[in-house]
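Chemist: Sharing a structure here in structure tokens format.
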Amino acid sequence: MIEITRLVKILYGGGHKVEILKSLNLTVPTGQFIAITGQSGSGKTTLLSLIAGLDTPTSGQIMIDEENITELDEDELAVLRGKRFGFIFQSFHLIPTLTALENVVLAAELNNTPGANKKANDLLGTVGLGDRLHHYPSQLSGGEQQRLSLARAFINEPDIILADEPTGNLDSNNSDNIIELILELHRVKRATIILVTHEHHVAERSQRILTLGDGKIISDQVNR
């Protein structure tokens, strides 16, 4: 479970104070697929970064299974991210000099995950890249690169997947395919998924839609 209490993020610059998040409270049950929506500047990506421990809040706390991650140092956060989080980015962030298989295996090896090669092969088959194992990212389409990043995110069987606009650089057909894969992996792996998106049709596929506005939660809707 993720439990966020009175989370505040303030930035200062040029003599100005900008409140990105304003005393935000949120609970995400284990295994839930939640979509976060809202206009640009509403705090969506900032919230995701804070949950991942990639940024530090001005005040408030973030509890993950009763552990306050805002009290951890950078080394402890790095271990937490490696063991418990998987990341899916809009811009893929694949290593261009490694093949599809090597990109996924590397993520497993960095985390000392046993059976890395077999797991990577199996996951790449699951996401439809079983015949592209030895292709480099530049030899893959945008949709294929995002499928590769999905395999990389799930290789360590993380408890929590954080996805930041995973369909933002894709056409509608590839976007639908990626969401179907996320739904299938969510069903099979039972990970908690927090997905930031500005696309309504993507958010509608989640179990719960959270809408941010001006640094606050303005809507919290359960999808049936």
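Chemist: For the chain, take the longest principal axis of its alpha carbons; what is the angle in degrees between that and the long axis of helix 100-110, to the nearest 10 within 0 to 90?
Modeler: Roughly 60 degrees, rounded to the nearest 10.
Chemist: Let me ask you something else. Please turn the phi angles of region 123-131 into ³J(HN,Hα) values with the Karplus equation 6.51 cos²θ - 1.76 cosθ + 1.60 (θ = phi - 60°), one per residue in order, whole Hz, x for glycine and proline.
Modeler: Taking θ as phi minus 60°, the curve returns 5, 5, x, 4, 8, x, 10, x, 9 Hz for region 123-131.
Chemist: For Arg152, Arg187, what ranking results if the residue with the fewest other Cβ atoms within 10 Å of its Cβ goes first?
Modeler: Arg187, Arg152
Chemist: How charged is the neighbourhood of Ala120? Take every other residue with its Cβ under 12 Å from the Cβ of Ala120, and add Lys/Arg as +1 and Asp/Glu as -1.
Modeler: Taking every other residue near Ala120 into account, the sum is 0.
Chemist: Anything over 21 Å Cα to Cα? Flag those among Lys44/Lys119; Lys9/Lys83; Lys44/Lys189; Lys22/Lys44; Lys44/Lys216; Lys83/Lys189, in the order listed.
Modeler: Lys44/Lys119; Lys9/Lys83; Lys44/Lys189
Chemist: What residue among Val18, Val79, Val104 shows peak mean-square fluctuation when the chain is described by a Gaussian network model with Cα springs under 10 Å?
Modeler: Highest fluctuation among the options: Val18.
Chemist: Read through the labelled values (i) 29, 20, 17; (ii) 34, 27, 17; (iii) 37, 17, 13 and report the label of the one computed as semi-axes √(5λ) of the Cα gyration tensor in Å from the structure.
Modeler: From the options (i) 29, 20, 17; (ii) 34, 27, 17; (iii) 37, 17, 13, the structure gives (i).
Chemist: Expressed as a rounded percentage, what relative contact order does the chain have, with Cα pairs under 8 Å and six or more residues apart?
Modeler: Averaging sequence separation for qualifying contacts and normalising by length gives 28 percent for the chain.
Chemist: Moving to a separate point now. With charges only on Cβ, +1 for K and R and -1 for D and E, what is the dipole size of region 16-135 about its Cα centre, in debye, rounded to 20?
Modeler: In debye, rounded to 20, region 16-135 gives about 480.
Chemist: Something else now. Given the options Glu71, Glu144, Glu165, which has the most mean-square fluctuation in a GNM of the chain, springs set between C-alpha atoms less than 10 angstrom apart?
Modeler: Looking only at Glu71, Glu144, Glu165, the biggest GNM fluctuation is shown by Glu71.
Chemist: Quick one: putting +1 on the C-beta of Lys and Arg, -1 on the C-beta of Asp and Glu, what dipole do you get for region 92-176 around its Cα centre, in Debye to the nearest 20?
Modeler: Charge dipole, region 92-176, about its Cα centre: 260 debye, nearest 20.
Chemist: Please determine, in degrees from 0 to 90 and to the nearest 10, the orientation of helix 142-154 with respect to the longest principal axis defined by the Cα atoms of the chain, where the helix direction is its Cα long axis.
Modeler: 80 degrees
Chemist: Rounded to the nearest 500 deg cm²/dmol, what is the calculated helix-only ellipticity per residue at 222 nm for the chain, with -39500 (n - 2.57) per DSSP H run of length n ≥ 4? Let's see the in-between values first.
Modeler: Details: 7 runs with 76 residues, N = 224.
Helix contribution divided over all residues of the chain: -10000 deg cm²/dmol.
Laboratory data are not the source of any read-out in this text; all were calculated from the coordinates shown. Note that the coordinates shown come from a computational prediction; the quantities given were computed from them, not determined experimentally. Positions of Cβ are generated from backbone atoms using ideal geometry, with glycine treated the same way; all protein chains shown enter the neighbour counts.
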